[in-house]
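Chemist: This is the structure, below, for whatever I ask next.
The values are calculated or read from the model by the stated rules, or taken from the named source; none is laboratory data. For clarity, every value in this text was computed on a predicted model and none was experimentally measured. Cβ sites come from the backbone with ideal geometry, for glycine too, and all protein chains shown count toward neighbours.
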Amino acid sequence: MPGGIDPHTHLAMEFMGTETIDDFFSGQAAALAGGTTMHIDFVIPVNGSLVAGFEAYKKKAMKSCMNYGFHMAITKWDESVSREMEIMVKEKGINSFKFFMAYKGSLMISDELLLQGLERCKSLGALAMVHAENGDAVFEGQKRMIDLGITGPEGHALSRPPVLEGEATARAIRLAKFVNTPLYVVHVMSIDAMEEIARARKSGQKVIGEPVVSGLVLNDSGLWDPDFVTAAKYVMSPPIRESGHDKALQAALSTGVLQLVGTDHCTFNSTQKAFGIDDFRKIPNGVNGIEERMHLVWDTMVESGQISVTDFVRITSTECARIFNIYPRKGAILVGSDADIIIFNPNSSFEISASMHHSRTDTNVYDGRKGKGKVEVTIVGGRVVWQDDELKVVPGSGKYIEMPPFSYLFNGIDKADAKYLSSLQAPVKRYFTAS
Ligand code: DUC
Ligand code: ZN
Ligand code: ZN
């Protein structure tokens, strides 16, 4: 089958006072061992400059050993950001921009700026992505926990319940409808958010929902171990939810309400997680998954009979290539496509362990998990890089994949705009007819 494409990773990212332990080499080596041959990472602007951020990430990615593309995070808004967005799309091969509705005080942007960002994305043919949690309410929720004396990792999940994810998802969807532009909701972690996406899609709105592996296969029963490090490794945002959300997200994926699976791979080791030992607000947010995604999705979705093998290829590879406009170069085995191919043995089995994985982090949120199916061979650009449990990767051999604007999601947008404009004429006509 075509190699996996992970639409959502954070390698070598400076975040919450530290930097992710996996860089573009270790994170990619892990990905290749797990059958993922391309990932799309989020560039964080440098001092508000998108161009400077892009250059910094190109430098970080010089040690790459697989194909990668970039999304761009938008963390503030002014004329120069708006101008630089055009440079990203027209000259740098970026066709998606992510807006944070959470992380008050650092990454979060207001509705006003989100609206301007949506308008700008639309005019450039770029896909708007949102981290959908209500950042103001999360801030309030965190204060509540601290006031109650709850400072451990469980306070993280309790401070930002599903209702806040549902609210922000609904708001982003409605603003995207108002602007008439497609929307991509990253890391859908709750029934609340998923139901908003389901409703919007049913009405014909172009909304893409991306669950991540942690949300599909984990729930928080038994997660908040009294041992700090054991519990802190699960801290990510939005948080891993109560039992029930996981199964509902699986069902949504199998029925097409959600379209593709990412990881939000964003790893910090135990020492870094311990920055928050006295206060959950300081625990760097993020979990692993780039190496485990293909195996866990196969075991959870195909082996269990929830989806077909064809669906597996679609949700782990093809749909991502279509959304980000690089199909059929990626996401397919066709004449003319890049030879990114994996050989998957459904009769073999996998076992995940923190001591055996290829990520640099010392913990693994899936430690001890076993299941059916195994990626036996990974081929990137026609070269075998993983075989017989051995990696043969070359730093610097990875390619940057440029992603052009105006994906299929933009089909029909013009027509809808024209219809809206002509509808504005109707009241005027009525007035003249009446008089
Ligand atoms: N959530 C995480 O858990 N890590 C990176 C950023 C994010 O939104
Ligand atoms: Zn996010
Ligand atoms: Zn993320």
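Chemist: Anything in the stretch 111-151 that is within 30 Å of GLY222 (Cβ to Cβ), more than 16 Å from ligand 2 (Cβ to nearest atom) and in contact with a Pro (Cβ under 8 Å, 6 or more places away or on another chain)? List them, or say none.
Modeler: GLY141
Chemist: I've got another one for you. Residue pairs, Cβ under 6 Å, 6 or more apart or interchain, first in the stretch 77-94 and among the hydroxyl-bearing types (Ser, Thr, Tyr), second surrounded by 14 or more Cβ atoms within 10 Å (Cβ to Cβ). List them.
Modeler: Hits for this filter: SER82/ARG120.
Chemist: Still on this structure, I have one more. Mind checking which pairs have a first residue in the stretch 110-130 that is under 11 Å from SER82 (Cβ atoms) and a second that is in a helix (DSSP H, G or I), Cβ under 7 Å, 6 or more apart or different chains?
Modeler: Here the result reads GLU119/VAL179; ARG120/SER82; ARG120/MET85; LEU124/MET85; LEU124/GLU86; LEU124/VAL89, each pair linking the stretch 110-130 to a residue that is in a helix (DSSP H, G or I).
Chemist: Name the one entry in ASP227, ASP264 that is within 16 Å of ligand 3 (Cβ to nearest atom), among the charged types (D, E, K, R) and either out of contact with any Gly (no Cβ under 7 Å at 6 or more places or on another chain) or touching a residue at least 40 places away in the same chain (Cβ under 8 Å) (or both). Break it down stepwise before answering.
Modeler: Working: ASP227 fails: within 16 Å of ligand 3 (Cβ to nearest atom).
Sole residue among the options that is within 16 Å of ligand 3 (Cβ to nearest atom), among the charged types (D, E, K, R) and either out of contact with any Gly (no Cβ under 7 Å at 6 or more places or on another chain) or touching a residue at least 40 places away in the same chain (Cβ under 8 Å) (or both): ASP264.
Chemist: Something else: Out of ALA132, ALA73, which single residue is under 17 Å from the mean Cα position of the chain (by Cα), over 14 Å from PRO238 (Cβ atoms), small (Gly, Ala, Ser) and modelled with pLDDT of 95 or more? Write out each step before concluding.
Modeler: Numbers: ALA132 fails: over 14 Å from PRO238 (Cβ atoms).
Of the residues listed, the single one that is under 17 Å from the mean Cα position of the chain (by Cα), over 14 Å from PRO238 (Cβ atoms), small (Gly, Ala, Ser) and modelled with pLDDT of 95 or more is ALA73.
Chemist: May I ask you to list the residues in the stretch 405-415 that are loosely packed, with under 13 Cβ neighbours inside 10 Å and touching a residue at least 24 places away in the same chain (Cβ under 8 Å)?
Modeler: TYR408 - this is the single residue of the stretch 405-415 that is loosely packed, with under 13 Cβ neighbours inside 10 Å and touching a residue at least 24 places away in the same chain (Cβ under 8 Å).
Chemist: Moving on. For the stretch 4-37, how many residues meet the condition of being within 16 Å of ligand 2 (Cβ to nearest atom), in a strand (DSSP E or B) and under 15 Å from the mean Cα position of the chain (by Cα)?
Modeler: Let us first name the residues in the stretch 4-37 that are within 16 Å of ligand 2 (Cβ to nearest atom), namely 6-11, 13-16, 20.
Filter again for in a strand (DSSP E or B), leaving 6-9, 14-15.
Still in the running and under 15 Å from the mean Cα position of the chain (by Cα): 6-9.
Matching residues across the stretch 4-37 total 4.
Chemist: Now a separate question. Take the conditions touching a residue at least 12 places away in the same chain (Cβ under 8 Å), within 16 Å of ligand 1 (Cβ to nearest atom) and within 14 Å of the chain's Cα centre (by Cα) and apply them to GLY276. Does it pass?
Modeler: Working: touching a residue at least 12 places away in the same chain (Cβ under 8 Å): yes; within 16 Å of ligand 1 (Cβ to nearest atom): yes; within 14 Å of the chain's Cα centre (by Cα): no.
When the stated conditions are applied, GLY276 does not pass them.
Chemist: Here is a further query. Keeping to the stretch 25-49, report how many residues are more than 16 Å from ligand 1 (Cβ to nearest atom), within 30 Å of SER337 (Cβ to Cβ) and either modelled with pLDDT under 95 or not hydroxyl-bearing (Ser, Thr, Tyr) (or both).
Modeler: The initial filter retains those residues of the stretch 25-49 that are more than 16 Å from ligand 1 (Cβ to nearest atom), namely 25-26, 28-38, 46-49.
With the extra rule that they be within 30 Å of SER337 (Cβ to Cβ), the set shrinks to 25-26, 28-38.
So of that shortlist, the ones also either modelled with pLDDT under 95 or not hydroxyl-bearing (Ser, Thr, Tyr) (or both) come out as 25, 28-35, 38.
Matching residues across the stretch 25-49 total 10.
Chemist: Could I ask something else about it? If I ask for residues that are in contact with a Gly (Cβ under 8 Å, 6 or more places away or on another chain) and polar (S, T, N, Q), which ones from the stretch 107-152 would you list?
Modeler: Answer for the stretch 107-152, where residues must be in contact with a Gly (Cβ under 8 Å, 6 or more places away or on another chain) and polar (S, T, N, Q): just GLN142.
Chemist: I would also like to ask the following. Any idea which residue in the stretch 171-193 is nearest to HIS10 (Cα to Cα), counting only those that are part of a strand (DSSP E or B) and either more than 14 Å from ligand 1 (Cβ to nearest atom) or touching a residue at least 60 places away in the same chain (Cβ under 8 Å) (or both)? Walk me through how you get there before you give the answer.
Modeler: Residues of the stretch 171-193 that are part of a strand (DSSP E or B), as a first pass: 183-185.
The next check asks that each one be either more than 14 Å from ligand 1 (Cβ to nearest atom) or touching a residue at least 60 places away in the same chain (Cβ under 8 Å) (or both); those that pass are 183-184.
Values: LEU183: 20, TYR184: 17 Å.
Only one residue fits best here, namely TYR184.
Chemist: Further question: Does the stretch 261-302 hold any residues that are assigned to a loop (DSSP other than H, G, I, E, B) and away from ligand 2 (no atom under 16 Å from the Cβ), and which are they? Talk me through it step by step, then tell me what you get.
Modeler: So the first thing to find is which residues in the stretch 261-302 are assigned to a loop (DSSP other than H, G, I, E, B), and the list is 261, 263-264, 266-269, 277-279, 283-286, 288-292.
Passing the criteria: ASN269, ILE277, ASP278, ASP279, GLU291, GLU292.
Chemist: Now for a different question. Would you call MET13 within 16 Å of ligand 3 (Cβ to nearest atom) and either over 23 Å from PHE275 (Cβ atoms) or surrounded by fewer than 24 Cβ atoms within 10 Å (Cβ to Cβ) (or both)?
Modeler: Details: within 16 Å of ligand 3 (Cβ to nearest atom): yes; either over 23 Å from PHE275 (Cβ atoms) or surrounded by fewer than 24 Cβ atoms within 10 Å (Cβ to Cβ) (or both): yes.
Against the criterion (within 16 Å of ligand 3 (Cβ to nearest atom) and either over 23 Å from PHE275 (Cβ atoms) or surrounded by fewer than 24 Cβ atoms within 10 Å (Cβ to Cβ) (or both)), MET13 qualifies.
Chemist: Could you please give the count of residues in the stretch 247-260 that are crowded, with 23+ Cβ neighbours inside 10 Å, in contact with a helix residue (DSSP H, G or I) (Cβ under 6 Å, 6 or more places away or on another chain) and in a helix (DSSP H, G or I)?
Modeler: 1
Chemist: Right, next: Run down VAL207, VAL185, VAL212, VAL163 and say which single residue is more than 29 Å from ARG120 (Cβ to Cβ) and of a type in the set (Val, Ile, Thr).
Modeler: VAL163
Chemist: Okay, next question. Taking the condition of a type in the set (D, E, K, R), in contact with an Asp or Glu (Cβ under 9 Å, 6 or more places away or on another chain) and exposed (fewer than 12 other Cβ atoms within 10 Å of the Cβ), does ASP388 pass? Don't jump to the end; show me each part of the working.
Modeler: Values: of a type in the set (D, E, K, R): yes; in contact with an Asp or Glu (Cβ under 9 Å, 6 or more places away or on another chain): yes; exposed (fewer than 12 other Cβ atoms within 10 Å of the Cβ): yes.
Considered against the rule, which asks whether it is of a type in the set (D, E, K, R), in contact with an Asp or Glu (Cβ under 9 Å, 6 or more places away or on another chain) and exposed (fewer than 12 other Cβ atoms within 10 Å of the Cβ), ASP388 comes out as yes.
Chemist: Something else about it: Which one of the conditions (1) within 25 Å of the chain's Cα centre (by Cα); (2) exposed (fewer than 12 other Cβ atoms within 10 Å of the Cβ) does LEU424 fail to meet, given that it meets all the rest?
Modeler: Failed condition: (1).
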